[in-house]
Structure formats: structure tokens, C-alpha cells
Amino acid sequence: MNRAGGGTGTEAAHAASEAPRAGVLVAVSVVSASVLAFEVALTRVFAAILQYHFMFLVLSVALCGLGLGGFLAHAVRRFRQPSLPLLAALLGASIPGSVLFCLRVLFARFPEAYALAAVVLLVPFALAGTFLAELFTRHAAWSGRLYAWDLAGAAGAAGAAVVLLEAVPAPDACLVLGAAAAL
């Protein structure tokens, strides 16, 4: 408590904002899990289709995309509040869409178009970053709880990605992950 007896700043912020609903916490966890598992599946795709040392490109694209998504959330918010259901649907479509485009169109016609593939694969990560940044902005006072669910989703994905990739080929895993992200 502070001297005035009104509690700490964090307590006041929690009291002023509504706690995120269970659906929001699950959404954070599922999106985090889907994106991490997608990243792992992409490393498998790149190792098989390209050469193993191109896996660094997946990590770079993922980090850049998530950061870009945070920036986009901030930029869009200046004009209107982003629609979370729309972002989730776009994320769900972009995961398999980007992989299918890269495999069926881009690498089939231009096998060395790595830079263009990076731009195409940036889209799902940017959408995930926008989605997560928007949720963290809307529930800023509860960011610790949101982050815990984000970490739980990522931790679950670390093991689930291995199981998924043992069960189905990596491109098919991307289809499954797209469906999960859209939920």
C-alpha cells in the first residue's frame, strides 16, 4: 500500500481494467502455440526443400514478423481498433496459404527466390504479432497473466510440434496449424 492507503499503481490498474476472459487467455496460448509450431514446421520444410543452412531464414522471418506485427497494431490503432476475429481468420488462412504459395508457385518456378519467400512467409508472423500486440494493448494491466498464457502455449507447442511432425509431413502440419490458429 502507498501512504495514501489507496494501494499500489499496479493494484489500481488491475482494479480499473477488466480481467481478460478465459477465451482471451486461450486465444493467446493457441496463437502462440500455432506460431511456434509453424516456425518449427517451416524449418523442416526449408531443410528438405532448400538446404539446412536456410533454417536461419525462418528464425529471422519469425522474429521480424512478430515485431512488424506489433508496429502494425500500433499504426492501425491510430485510425481504428483492429478486429481480433478478422486477424485470427487471416492468420489461419495465411499459414497454409503462404506455405502452399511458396512450395507450389514460388519455388516451383523460381527455385532461388529466397528473398521473396521470406516476404511471403513474413505475413503469418506479422498477423500473429498484430493479434498478440492488440490483445496485450487491450489488457495491458494484465500483461503478466497474458504472458504466462503465451509462454504456456509456446511450451506446449515445443512438444506438440515434434509429435505433429512425426505424424504428418511438414507441409501438412502447416495446414493443421492454420486451422488451429483460426480457432
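Answer yes if at least one residue in the range 42-52 is crowded, with 16+ Cβ neighbours inside 10 Å, in contact (Cβ under 8 Å) with a residue 40 or more places away in the chain and of a type in the set (Phe, Trp, Tyr), and no otherwise.
no
Among the residues in the range 106-116, are any in contact with a Gly (Cβ under 6 Å, 6 or more places away or on another chain), in a helix (DSSP H, G or I) and among the aromatic types (Phe, Trp, Tyr)?
No, that holds for no residue.
What pairs come out if I take residues in the range 140-152 that are more than 15 Å from Leu36 (Cα to Cα) and pair them with residues that are open to solvent by 50 Å² or more (accessible area, probe 1.4 Å) and at pLDDT 90 or above whose C-beta lies under 8 Å away, six or more apart or interchain?
Ser143/Phe136; Leu146/Phe136
Could you tell me whether any residue of the range 70-80 is within 28 Å of Gly144 (Cα to Cα), buried (at least 22 other Cβ atoms within 10 Å of the Cβ) and not acidic (Asp, Glu)?
Within the range 70-80 (the criterion being within 28 Å of Gly144 (Cα to Cα), buried (at least 22 other Cβ atoms within 10 Å of the Cβ) and not acidic (Asp, Glu)), the answer is yes, since at least one residue qualifies.
Return yes or no: is Val176 more than 13 Å from the chain's Cα centre (by Cα) and either in contact (Cβ under 8 Å) with a residue 24 or more places away in the chain or surrounded by 14 or more Cβ atoms within 10 Å (Cβ to Cβ) (or both)?
Considered against the rule, which asks whether it is more than 13 Å from the chain's Cα centre (by Cα) and either in contact (Cβ under 8 Å) with a residue 24 or more places away in the chain or surrounded by 14 or more Cβ atoms within 10 Å (Cβ to Cβ) (or both), Val176 comes out as yes.
In the range 104-116, what residues are open to solvent by less than 50 Å² (accessible area, probe 1.4 Å) and in contact (Cβ under 8 Å) with a residue 24 or more places away in the chain?
Phe107
Could you look through the range 119-159, keep only residues that are under 12 Å from Leu87 (Cβ atoms), among the hydrophobic types (A, V, I, L, M, F, W, C) and open to solvent by less than 20 Å² (accessible area, probe 1.4 Å), and pick out the one that is farthest from the chain's Cα centre (by Cα)?
My answer is Leu135.
Please specify each residue of the range 82-103 satisfying the condition of being open to solvent by 30 Å² or more (accessible area, probe 1.4 Å) and either without any contact (Cβ under 8 Å) to a residue 12 or more places away in the chain or touching a Gly at 6+ places or on another chain (Cβ under 6 Å) (or both).
Selection gives Ser83, Pro85, Leu86.
The values are calculated or read from the model by the stated rules, or taken from the named source; none is laboratory data. Computed from a predicted structure; not experimentally measured. Note that we place each Cβ from the backbone using ideal geometry, even for glycine, and neighbour counts take in every protein chain shown. These accessible areas exclude ligands, DNA and RNA; they are computed on the full protein's heavy atoms, side chains included. Shrake-Rupley method; radii C 1.70, N 1.55, O 1.52, S 1.80 Å.
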